[in-house]
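The values are calculated or read from the model by the stated rules, or taken from the named source; none is laboratory data. Quick caveat, the model's predicted, so the values are computed rather than measured. Counting neighbours? That spans all protein chains shown, and the Cβs are built from the backbone with ideal geometry, glycine included. Note: areas computed on protein heavy atoms with side chains; ligands, DNA, RNA excluded. Shrake-Rupley method; radii C 1.70, N 1.55, O 1.52, S 1.80 Å.
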Amino acid sequence: SSVSRDKATQEIPAYGCQRRTPLHHHNKEITDALEILALSASFQGSEARFLGFTRASSVLKSLPFRLQSVEEVKDLPWCGGHSQTVIQEILEDGVCREVETVKNSEHFQSMKALTSIFGVGIRTADKWYRDGVRSLSDLNNLGGKLTAEQKAGLLHYTDLQQSVTREEAGTVEQLIKGALQSFVPDVRVTMTGGFRRGKQEGHDVDFLITHPDEEALNGLLRKAVAWLDGKGSVLYYHVRARSQNFSGSNTMDGHETCYSIIALPNVCPEKPSPDAEKIEPDLDKNSLRNWKAVRVDLVVCPYSEYFYALLGWTGSKHFERELRRFSLHVKKMSLNSHGLFDIQKKCHHPATSEEEIFAHLGLPYVPPSERNA
Ligand code: GTP
Ligand code: MN
Ligand code: MN
């Protein structure tokens, strides 16, 4: 009924970490539209507009019913004037003019293509755009100016554009565990990121690595990656060392991290059908190879920080942003993947579970599957 809907909208809290946000929800057409506008704002360097559209979209993802009228969002947090125009047009016409204009713009299309390359952020893409780069093929003229990461990203572009399935993520897990366990048999390896939130596919596979004995973790990541490399399974990797003088105010966390591209053996190599050559005359030997390039992130953390790192690497990105904002503004505490620091009491809060971290923050517990904010 409309009364219970009114009640539902009035009860939706303002911070994404105070809400339960399932993977699948009732207003995907609208949230897709708002996310296009958020992305476009980020391409234009407008953090405020990016956050505005992202927050509006995130609120609607937690709504337990399908919107029928723009009136229903009037009591919702973050769903202000501009978002309401988008919502109204989608509800009435099925499309939003502003979104269509953005999608058709050269800047948006180029930025989307360029930032989809591994190792290319908004700043780099924008610089390239201003230098006249419009598409991936224009990058060949830039050749020497690409970083090693970007070269690898371009080389494996087609594979990396394909999403990683849950089944493939499981195969990656076996591969990574095998490498780590050959050095430390009882090492603890947890799949984090989108797959831990219940996603069926992802743009990469994320893992968190820890052990009660900190000595066992020393040099482990580099040894395990070198071991995999020796077996021909590593296409690219970059290890970022643990930062010793990590300060809580940094946006980046200080854990040792490996950003990599792995050659994942096909579970059952696809035999090209006899007709394949007729359908695809350009079928080259590349499409007969029995591996697929997959992005893998590996993070190592000390045992004492494990649950903070687990919370920090499970996402979603917006859920994490909201958790940190809530901690700072509402609780005067600084949260990151290392721990939680009470700024007024000047003390740290150790945690032995994710539930405990939510309790420290005075938040109802949100399980990973409901963190798709
Ligand atoms: P897909 O990979 O696109 O399926 O979604 P995802 O949610 O797994 O995204 P992603 O792999 O980019 O990030 C997973 C989590 O790790 C998110 O919560 C991010 O905030 C976090 N994360 C990603 N990169 C970094 C990083 O460099 N440092 C820290 N501290 N966290 C990161
Ligand atoms: Mn991920
Ligand atoms: Mn990742």
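Per-residue surface analysis assigns Arg289 an accessible area of about 70 Å², computed on protein heavy atoms at 1.4 Å probe radius. A 1.4 Å probe run over the protein chains yields, for the range 105-155, 56 Å² of accessible area per residue, whole-number rounding. Accessible area of the range 308-370 with a 1.4 Å probe: how many percent of it is carbon plus sulfur? Solvent-exposed carbon and sulfur of the range 308-370 make up 62 percent of the total.
The magnitude of the dipole of the range 308-370, with charges of +1 and -1 set on the Cβ of Lys/Arg and Asp/Glu and taken from the Cα centre, is near 400 debye. In loop segments of the range 312-361 as defined by DSSP, the trypsin sites (Lys or Arg not before Pro) with at most 10 further C-beta atoms inside 10 Å of their C-beta are Lys345, Lys346. A cut-off under 9 angstrom between Cβ atoms defines the neighbours of Asp342, and their net charge, with Lys, Arg +1 and Asp, Glu -1, is +4. A 29 angstrom limit on the alpha carbon distance is what I want to check against. Which of Lys112/Lys292; Lys7/Lys331; Lys199/Lys331; Lys112/Lys317 exceed it? Pairs exceeding the cut-off: Lys199/Lys331.
Taking the charge dipole of the chain about its Cα centre, with +1 at Lys and Arg Cβ atoms and -1 at Asp and Glu Cβ atoms, the residue from Val300, Tyr157, Cys96 reaching farthest to the positive side is Val300. Ordered by solvent-accessible area of protein heavy atoms (1.4 Å probe), largest first, the residues Glu173, Glu354 come out as Glu173, Glu354. Note on the range 71-173: Rg/Rh from Cα positions, Kirkwood definition for Rh, rounded to two decimals, is 1.13.
When the surface is traced with a 1.4 Å probe over the full set of protein chains, Met252 keeps roughly 110 Å² accessible. Toward the positive end of the charge dipole of the chain, with +1 on the Cβ of Lys and Arg and -1 on the Cβ of Asp and Glu, the farthest Cα among Ala179, Gly80, Asn336 is that of Asn336. Placing Trp313, Trp291 in order of accessible area, with the largest value first and a 1.4 Å probe, yields Trp291, Trp313.
The residues neighbouring Gly230, those whose beta-carbon lies less than 14 Å from its own, together hold a net charge of +2 under the Lys/Arg +1, Asp/Glu -1 convention. Of the residues Phe358, Phe118, ranked by 1.4 Å probe accessible area with the largest first, the sequence reads Phe118, Phe358. Can you pull the accessible area of Glu35 for me, 1.4 Å probe, Å² to the nearest 10? Near enough 80 Å² of accessible area.
Mean-square fluctuations from a GNM of the chain, with a 10 angstrom spring cutoff on Cα atoms, peak among Gly16, Gly230, Gly198 at Gly230.
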